[in-house]
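Student: Structure below; questions to follow.
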Amino acid sequence: MNNTKRALIISVVVSLLLVLLIVLVDPLVSDRVLAPDTGASHYYWKLPTRNNFNQVIVWLLFLIHLSGNYYLIRKRLKVKERDFTIENTNLLVFNVIMILIHFVQSIIGYDGLAQDVSVFSSQYSVIFMLVTIILMEIPRRGIIFGKKIKIDKNIMKFLYAIHGFVFTFSIVYTFWYHPVINTIGHLFGFFYMFLLFTQLSFVKTKIHTNPKWIVSLEVLVAFHGASVAYYVQNSSLWSMFLFGFGFIFVFTQIYGLALKKMQIYAIQLIFIICAVGYYLITDISNVHQILWIPIVEYGHVVVMLIIAFGINKIIKNRKTRRVNENV
């Protein structure tokens with residue numbers, strides 16, 4: 001076993017231990033009086049009144065966590081080595097320290113960034129990351145059913161150049177949005193966050209670009225969304241998250257796993273039987289829910305492609321005019 005794989009195993013184990021720690025410290029965090037739930041736009045886990053001092057501390061810690069990752073990632077990018085290096089170790093250690101600091105901050109002040117910003121901003125930051133991954137992976141696995149579309153190399157080069165810094169913001173922002181509390185949905189979400197911190201800490205290693213590892217991180221969001229809907233919100237829409245993200249896996253992400261066609265077709269058939277079978281048992285009129293999340297994600301991909309193609313065309317036209325003017 002090489003150093004990179006060993007470090008990954010240790011990181012996953014540490015992530016599980018951190019989830020266990022959330023359960024253990026929860027009595028110190030959750031003994032708070034919260035405001036009543038007012039609907040979809042309300043984030044329940046925040047104090048009824050804003051504590052200005054606490055929020056200044058939260059925003060400062062968020063900025064320290066974000067800028068620290070930016071600095072350490074830039075240092076790692078300057079090293080040509082593709083194996084796990086001391087710079088990767090520094091990233092892992094730094095993120096574990098900031099995670100533990102957030103534990104302490106939740107015990108003392110409870111509120112995260114949720115006190116100041118909309119719940120939709122946290123949700124969309126993760127959606128944007130997932131959509132961008134789909135876009136970046138089109139040349140390798142296609143957009144749907146393995147069908148690839150030609151994307152200008154300048155667009156792909158730009159996406160790969162900025163994705164690390166954009167994704168880091170999404171991960172750190174979402175992490176500091178929530179207080180560290182013990183519900184099934186939050187525990188699954190924090191475990192997912194810890195794995196995403198692992199991913200960014202493994203920048204420029206073979207693990208960071210490993211297709212199976214990447215797809216695993218993409219698929220986990222299905223279980224996180226379903227667990228939040230079922231256990232936290234007591235909503236029947238848990239099936240929308242499970243089958244919606246499942247749709248994206250079996251019809252897009254699966255094509256990046258180098259499986260045989262018959263294996264892919266078999267998995268797709270099993271998914272269709274399970275999804276349609278569930279709605280036949282419950283309420284077939286809701287079967288359209290399977291398509292809600294795919295429509296949102298693929299819709300965002302199309303919009304981002306249109307914008308990217310438009311910007312790229314404008315840049316090319318300007319370069320062409322400059323060349324013609326100089327002739």
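Student: On the given criteria, is S67 small (G, A, S) and at pLDDT 95 or above?
Tutor: So S67 passes the test.
Student: While we're here: For K204, are the conditions met, namely being basic (K, R) and not in a helix (DSSP H, G or I)?
Tutor: Yes, satisfied.
Student: Follow-up. Which of the residues spanning the range 101-121 are in a helix (DSSP H, G or I), open to solvent by less than 10 Å² (accessible area, probe 1.4 Å) and of a type in the set (S, T, Y)?
Tutor: If the condition is that a residue be in a helix (DSSP H, G or I), open to solvent by less than 10 Å² (accessible area, probe 1.4 Å) and of a type in the set (S, T, Y), then S106 is the only one that fits.
Student: To continue, here is another question. Can you tell me how many residues in the range 135-164 are touching a Lys or Arg at 6+ places or on another chain (Cβ under 9 Å) and either open to solvent by 40 Å² or more (accessible area, probe 1.4 Å) or among the aliphatic types (A, V, I, L, M) (or both)?
Tutor: The qualifying residues number 5.
Student: Residues of the range 189-240 being of a type in the set (K, R), under 17 Å from the mean Cα position of the chain (by Cα) and surrounded by 20 or more Cβ atoms within 10 Å (Cβ to Cβ), which ones?
Tutor: The answer is none; no residue qualifies.
Student: I'm checking my understanding of the structure. Among residues of the range 245-304 that are outside any helix (DSSP H, G or I) and within 20 Å of the chain's Cα centre (by Cα), which one is surrounded by the most Cβ atoms within 10 Å (Cβ to Cβ)?
Tutor: That would be T252.
Student: In the range 47-79, which residue that is closer than 14 Å to V172 by Cα and in contact (Cβ under 8 Å) with a residue 60 or more places away in the chain is surrounded by the fewest Cβ atoms within 10 Å (Cβ to Cβ)?
Tutor: Residue satisfying both the conditions and the ranking: Y70.
Student: Count, please, the residues in the range 80-97 that happen to be open to solvent by less than 10 Å² (accessible area, probe 1.4 Å) and farther than 28 Å from I248 by Cβ.
Tutor: Looking only at that region, the number is 2.
Student: May I pose another question? In this structure, is L259 modelled with pLDDT under 95, within 18 Å of F190 (Cβ to Cβ) and not acidic (D, E)?
Tutor: Criteria not met by L259.
The values are calculated or read from the model by the stated rules, or taken from the named source; none is laboratory data. Small disclaimer: the values here were computed from a predicted structure and weren't measured. Counting neighbours? That spans all protein chains shown, and the Cβs are built from the backbone with ideal geometry, glycine included. Surface accessibility is based on the protein's heavy atoms, side chains included, excluding ligands, DNA and RNA. Shrake-Rupley method; radii C 1.70, N 1.55, O 1.52, S 1.80 Å.
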